[in-house]
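Undergrad: Please see the structure below; I have some questions.
Just so it is clear, none of the values below were taken in a lab; they were calculated from the coordinates. What you see is a predicted model; the values in this text were computed from it and never measured. No Cβ is skipped: glycine too gets one built from the backbone with ideal geometry, and neighbour counts run over all protein chains shown.
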């Protein structure tokens with residue numbers, strides 16, 4: 001019985017870890033214009049409001065092209 005609980009616990013940790021990696025932070029920053037902007041995040045598909053996909057796989061919500069994905073390998077594709 002204990003092995004079953006350990007296996008279930010490991011499965012839950014692994015699945016929650018995958019979820020945490022997918023949305024590794026829900027942080028925001030203030031851009032140069034003083035707007036509150038979602039920080040880049042990892043997701044399987046482009047999240048609503050994302051403006052670019054970065055080369056490292058994160059999605060950016062930047063309002064300007066300059067500096068978008070600069071800490072994430074540059075822009076792989078513009079989404080809007």
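Undergrad: Stretched out fully, how many nm does the piece from residue 55 to residue 30 gain, at 0.36 nm a residue minus the Cα gap?
TA: Additional length available on full extension: 6.7 nm.
Undergrad: Taking Cα pairs under 8 Å and at least six residues apart, what relative contact order does segment 25-80 come out at, in percent?
TA: 28 percent
Undergrad: How much space per residue, in cubic angstrom, does the convex hull of the C-alpha atoms of segment 25-80 take up? Display every interim value, and only then the final one.
TA: Numbers: hull volume 4.3 nm³, N = 56.
Normalising the Cα hull of segment 25-80 by residue number yields 77 Å³.
Undergrad: Ranked highest first by average number of other Cβ atoms within 10 Å, how do 64-73, 45-54, 28-37 line up?
TA: The packing order, highest mean first, is 45-54, 64-73, 28-37.
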